[in-house]
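Every read-out reported here was derived from the displayed coordinates using simple, explicitly stated rules and does not represent laboratory data. Fair warning: this is a prediction, and the values are worked out from it, not measured in the lab. Here the Cβ positions follow ideal geometry from the backbone for every residue, glycine too, while neighbour counts run over all protein chains shown.
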Amino acid sequence: MLAAIGPRVISIGCAVDGFMSSSTQLVLKPFPVKKALLIDADEPTRTFLANVLDPSEWNIRHAPDNQTALELAQATRFDLILTSEKTSGKDDIELLRELRSARPHTCLIILTDESAPSYVIDSMREHAFSYFSKPFSLDALTEMVHLATEAPCWDDGIEVVSATPEWIRLMVRCDRQTADRLIQFLHEIVDLPESESNAVAIAFREILLNAMEHGAKFQADQYVQISYVRARNMVLCRVKDPGEGFTLDEIQHAAVANPHGDPIRHAAYRQERGMRPGGYGILLAQKLVDELIYNEDGNEVLLVKYLDRGGND
């Protein structure tokens, strides 16, 4: 595939009375080399994508419905497709299935007005890049579009081992982009009040990134095992990394290992060894969920969040 071409400068000399004058510079601007397809997008979405996708690099086309989009995508390879918010997640998953037969690596983000956890699971099985149902954050969508346009080899990072809306098992590739994609899928699946949903999401992300960074060293050929269980009065997330584990004595770079009376010891430890600032992930997760339970080896952890049902159950 052609890469984005930067501005080129060409010097042209002009002859005056037999002598060459100083050269004149012509700047050739880059031309779009990537293609995006928007399906039945309203004006705010059109404006949003026009601002997110650099017009010097992207040629944006529009389709009035899924059938027309399918015909266009069968004839032309698109680097990114966004579905319409006016269609259901079920309709868009069917479109993705049909696209796969002609364009196996189509990068598609589902935007939908009608959703259900089963639709989100099906979208993961069909390797949708991401999934957003109304109402959604434009900032979150912006970040996901950037990931879709920048991340290489995106469509083999999340594998569904088995799944129902109540119990999901996944294998997840150890890189940050895949972690961010997974968080968005789980955000769509988790049926919790906003405050509880945000707490679970933040805690899960911290533990997931710890597993990827310290357990797998962010090696793209390594995978983390994920389980999500939604019971009537609790949510449980299990994260198992491929590493050898740890003990608290071995993680002096983490705030959770700080002794009483010295809450920033880990910061000095990290600075001395040239490590990036941080180390608060486990401690933050402990504050956001009700239980954080590690196995004996330290390479498997359970996050448990109990749900307040106000005595109605």
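Rounded to the nearest whole Hz, the Karplus-based 3J(HN,Hα) values (6.51 cos²θ - 1.76 cosθ + 1.60, θ = phi - 60°) of segment 291-298 follow the sequence 9, 10, 10, 9, 6, 4, 7, x, with x at glycine and proline. Pairs exceeding a 28 Å alpha-carbon distance, out of 35/134; 86/305; 34/86; 35/90; 86/287: 86/305; 86/287. On a straight-distance basis, which aspartates and glutamates could pair with residue 217 in a cross-link, Cα separation under 14 angstrom, same-chain partners fewer than 8 positions away excluded? Residue 217 reaches 175, 241, 244. Note on segment 52-118: the C-alpha convex hull projects to 4.9 nm² when averaged across all orientations. Here the residues 167, 58, ranked from fewest to most Cβ neighbours within 10 Å of their Cβ, fall in the order 167, 58. Counting Lys and Arg as +1 and Asp and Glu as -1 over every other residue whose Cβ lies under 12 Å from the Cβ of residue 74, the net charge comes to +1.
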